There are 6 protein chains.
Amino acid sequence: MKTVYLTRKAEFSASHFYHNPKFTPEENRRIFGKCNNPHGHGHNYTLEVTVRGPVNEQSGFVMDLKQLKDIMNREVIDVLDHRHLNYEIPEFKEQIPTTENLAIAIWRRLQGKLDGGARLYRVRVYENDDLFAEVYGEE
Amino acid sequence: MKTVYLTRKAEFSASHFYHNPKFTPEENRRIFGKCNNPHGHGHNYTLEVTVRGPVNEQSGFVMDLKQLKDIMNREVIDVLDHRHLNYEIPEFKEQIPTTENLAIAIWRRLQGKLDGGARLYRVRVYENDDLFAEVYGEE
Amino acid sequence: MKTVYLTRKAEFSASHFYHNPKFTPEENRRIFGKCNNPHGHGHNYTLEVTVRGPVNEQSGFVMDLKQLKDIMNREVIDVLDHRHLNYEIPEFKEQIPTTENLAIAIWRRLQGKLDGGARLYRVRVYENDDLFAEVYGEE
Amino acid sequence: MKTVYLTRKAEFSASHFYHNPKFTPEENRRIFGKCNNPHGHGHNYTLEVTVRGPVNEQSGFVMDLKQLKDIMNREVIDVLDHRHLNYEIPEFKEQIPTTENLAIAIWRRLQGKLDGGARLYRVRVYENDDLFAEVYGEE
Amino acid sequence: MKTVYLTRKAEFSASHFYHNPKFTPEENRRIFGKCNNPHGHGHNYTLEVTVRGPVNEQSGFVMDLKQLKDIMNREVIDVLDHRHLNYEIPEFKEQIPTTENLAIAIWRRLQGKLDGGARLYRVRVYENDDLFAEVYGEE
Amino acid sequence: MKTVYLTRKAEFSASHFYHNPKFTPEENRRIFGKCNNPHGHGHNYTLEVTVRGPVNEQSGFVMDLKQLKDIMNREVIDVLDHRHLNYEIPEFKEQIPTTENLAIAIWRRLQGKLDGGARLYRVRVYENDDLFAEVYGEE
């Protein structure tokens with residue numbers, strides 16, 4: 001029986017800025033450039049979550065799409081959408097909210113939340129059309 | 001010599017609905033929601049077929065693109081385009097035409113049809129911009 | 001004070017086929033080609049609704065976007081999504097559900113439903129990326 | 001001689017939130033919903049600027065594209081990109097930075113800045129793929 | 001009866017470069033920059049042709065789409081696709097093949113070729129995602 | 001610590017044609033079709049470069065994006081953009097500039113140019129929306 005990889009996309013809008021308190025102001029400006037502006041700037045992020053597994057013979061589903069959507073909304077979209085990542089999301093009190101760290105944070109929020117036969121395979125986060133970060137792994 | 005993965009995209013429009021005769025009407029409605037409407041609804045599907053292999057030194061091709069296009073048209077697009085998947089496509093007499101099962105059906109239709117050095121690597125089917133299924137495998 | 005044109009996009013999936021009972025079977029096949037298949041085929045339609053008006057000084061809105069979304073959902077998306085246009089939508093009992101007629105039908109469903117200062121300016125319907133129909137007019 | 005309309009696209013990322021100090025907190029929440037979060041959220045905005053005019057016979061240009069790009073960068077992109085619209089852009093000290101008001105502000109920043117035969121015809125601002133505002137007018 | 005605007009998209013690939021023999025080499029380099037390279041460079045052009053008219057009651061069409069596609073292919077795509085605009089297309093023996101002049105040339109190739117009730121309304125040519133030219137007019 | 005895959009996109013425009021001097025004129029026409037036109041034709045190519053590695057705790061980066069952009073510009077975009085691949089790029093004096101060979105050429109130009117912890121993982125080249133080639137791994 002073939003394994004199928006199923007990917008669902010969702011979007012959220014958020015603000016962020018890049019600043020490391022251990023860096024001097026000059027280092028912050030040099031390393032983070034325009035992204036160091038403490039007022040923050042924002043993006044329309046696109047999230048793609050991929051699960052994989054066998055296809056259920058009764059439903060034809062690797063995973064119920066409504067359930068996947070509900071998990072993505074509850075664990076990620078409702079938490080991050082229309083938020084300022086630095087000020088309102090616990091992961092980014094200590095970490096820089098780069099696309100890389102955002103992909104890891106979303107992976108961890110989703111990990112272990114899927115029921116049934118499907119497993120989390122990949123989290124891909126687009127900051128914009130020209131930049132995306134991906135995390136893979138086994139639950 | 002490097003292996004190259006070559007992907008070609010094609011589109012088709014089709015109708016489908018989700019219904020399992022072993023389920024009660026209530027189960028069908030609960031599990032399949034709006035997709036259970038027996039009149040069917042439809043999608044502009046996007047198919048991406050990836051082949052891989054070494055590059056032919058004379059032509060610069062992993063595979064002749066015209067040949068790949070002809071195979072995709074003959075085995076998949078001409079069969080599925082402007083069709084009702086449930087009523088007109090043999091695979092879906094018995095199976096629910098979910099994106100997952102559609103990806104498997106297309107894989108099987110293409111498998112073994114490539115000539116020469118290239119091998120079928122991946123079939124990806126988008127039901128819409130927000131949902132896609134992928135099947136990988138060895139011929 | 002400048003007039004602003006505000007456009008909101010939404011998507012729906014539907015089935016249709018083209019058949020005119022006044023045509024002979026040969027005429028139907030010749031004129032409508034693959035679209036004449038009575039099982040129907042389907043599309044992911046994209047709807048763009050444009051309203052225009054002055055900007056409200058208190059809200060900065062031409063029209064409340066949530067209200068526009070609710071009207072679009074209630075009058076169009078909830079009616080057409082996951083439906084077979086020929087069998088389930090009254091406008092298409094008598095008319096061929098071409099992209100042209102679909103744009104007119106959506107215009108008529110939205111016309112007169114907007115409150116306040118904004119007026120319906122344009123309805124644009126994409127059947128797919130390569131084809132769209134537009135209707136303009138005054139309420 | 002035919003008039004040609006020439007459109008150039010550019011992108012910028014910015015933060016904003018919606019708040020009217022004349023409204024009560026309850027009104028602000030009701031009218032602006034999630035957009036009222038004072039930390040702000042953000043978007044990848046897409047700007048399309050359309051100029052129109054006759055085609056210069058020597059150059060084949062309605063307007064030198066490098067000059068148009070320079071004007072768009074100097075007057076708009078360099079000003080708005082990686083900024084918080086409410087806190088850093090003068091127009092939005094008093095006005096709500098809705099897509100509508102942003103389109104008007106960009107129109108005013110560009111108006112009168114074009115040299116030669118081309119005239120500013122339209123400013124279109126996408127907040128995301130599903131929403132855009134347009135302003136037209138004569139300089 | 002409402003007028004409907006119907007738009008069909010098509011694509012072609014072509015090479016071009018910008019050079020005016022009346023300019024000095026320095027002028028050509030200054031005015032045309034990288035586009036002055038006489039070897040040429042190329043683009044995937046996207047063409048959108050819009051026709052308008054009343055909807056035929058029997059067919060539901062403003063214009064038969066197959067006929068529109070055939071005209072676009074015969075008059076434009078078959079002529080320009082996989083060609084070097086400067087060397088192989090008569091209009092550009094004397095004119096610079098800018099996006100502006102290309103839109104005018106395509107307009108003139110299509111003008112008067114439509115049969116029946118539909119009229120040519122707009123030709124839009126994208127050189128890439130960030131740049132397009134439009135020509136409007138009455139036949 | 002999780003490995004993150006970071007992808008950055010860039011675009012360039014170039015001309016090319018397909019011709020193998022070892023083939024007869026008939027073979028060249030049969031094998032390469034329209035692509036055999038010696039004047040060349042062109043494309044807007046899209047390049048996606050993926051690097052992978054651990055996330056630097058201080059910066060939150062797998063790799064400094066400005067550095068990645070600079071390397072992509074210096075090694076690839078500045079070399080290929082607005083060029084005729086056959087006549088101006090050394091790799092294609094001897095090789096057919098197919099999408100496959102272009103992906104390999106770009107891989108080789110980027111290989112070994114990244115500093116620090118990130119490694120080159122994948123080069124993906126789109127000739128247009130419907131066709132792309134990918135190269136992975138360490139040679």
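The values are calculated or read from the model by the stated rules, or taken from the named source; none is laboratory data. Everything quoted here is computed from the prediction, not taken from an experiment. Cβ: placed from backbone, ideal geometry, glycine included. Neighbour counts: every protein chain shown. To get the accessible areas, we keep the full protein, side chains included, count just its heavy atoms, and leave off ligands, DNA and RNA. Shrake-Rupley method; radii C 1.70, N 1.55, O 1.52, S 1.80 Å.
So here's what we get for this one:
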| quantity | calculated |
| --- | --- |
| P(r), alpha carbons of the stretch A:2-63 - 5 Å bins starting at zero, rounded % | 4, 15, 14, 12, 9, 9, 9, 8, 8, 7, 4, 1, 0 |
| Inter-copy label distances at residue F:30 (7 Å, Cα→Cβ; nm, one decimal) | 3.9, 5.4, 6.4, 6.4, 7.8 |
| Solvent-accessible area, 1.4 Å probe, carbon plus sulfur percent, for chain B | 47 percent |
| Rel. contact order, % - alpha carbon contacts under 8 angstrom, at least six apart, the stretch D:3-136 | 31 percent |
| Inter-centroid distance (Cα atoms) of the stretch A:1-62 relative to the stretch B:103-120, Å | 34 Å |
| Heavy-atom SASA rank of D:9, B:66 (probe 1.4 Å, accessible area, largest first) | B:66, D:9 |
| Rounded FRET efficiency, nearest 0.05, which uses the C-beta distance separating residue C:129 from residue E:57 and R0 of 30 Å | 0.60 |
| Global form of chain D, assessed from the alpha-carbon gyration tensor, a/c cut-off 1.5 | prolate |
| Cβ-vector label at 7 Å, residue A:87, separations to other copies in nm | 0.6, 5.4, 5.7, 5.7, 6.0 |
| Cα→Cβ-extended label distance, 7 Å offset, between residue A:66 and residue D:29, nm | 3.0 nm |
| Long-range amide H partners of residue B:44 with built H, under 5 Å | C:44 |
| Residue F:56 long-range amide H proximity, modeled H, under 5 Å | F:61, F:62 |
| Helix runs (DSSP H) in chain E reaching 24 Å along axis by Cα, Kyte-Doolittle at least 1.6 | none |
| ³J(HN,Hα) computed for each position of the stretch B:92-97 - Karplus, 6.51 cos²θ - 1.76 cosθ + 1.60, integer Hz, glycine/proline x | 9, 5, 10, 10, 6, x |
| Burial of 50 Å² or greater, the stretch D:94-139 residues [accessible area, probe 1.4 Å, versus chain by itself] | D:100, D:130, D:131, D:132, D:134, D:136 |
| Gyration tensor verdict on the stretch B:58-134 (Cα atoms; rounded if a/c is under 1.5, prolate if a/b is larger than b/c, oblate otherwise) | prolate |
| Neighbour-limited loop hits for trypsin sites (Lys or Arg not before Pro), the stretch D:73-139 (at most 16 other Cβ within 10 Å; DSSP other than H, G, I, E, B) | D:93, D:113 |
| Electrostatic dipole magnitude of chain E [Cβ: Lys, Arg +1; Asp, Glu -1; Cα centre; debye, to 20] | 80 debye |
| Principal axis dimensions, largest first and in whole angstrom, of the protein assembly as shown by Cα | 76, 69, 57 |
| 7 Å along Cα→Cβ, label-point gaps from residue A:117 to other copies, nm, shortest first | 3.9, 3.9, 5.4, 5.8, 6.8 |
| Calculated FRET value between residue D:115 and residue C:113, using beta carbons and R₀ = 51 Å, to 0.05 | 0.70 |
| Interface size A-D, as summed buried accessible area [1.4 Å probe, Å², nearest 100] | 1700 Å² |
| Karplus 3J(HN,Hα) series, Hz, for the stretch F:124-135 with 6.51 cos²θ - 1.76 cosθ + 1.60 (x for Gly, Pro) | 10, 10, 8, 7, 7, 4, 9, 8, 8, 10, 10, 10 |
| Solvent-accessible heavy-atom area per residue, rounded to whole Å², over chain E at 1.4 Å | 42 Å² |
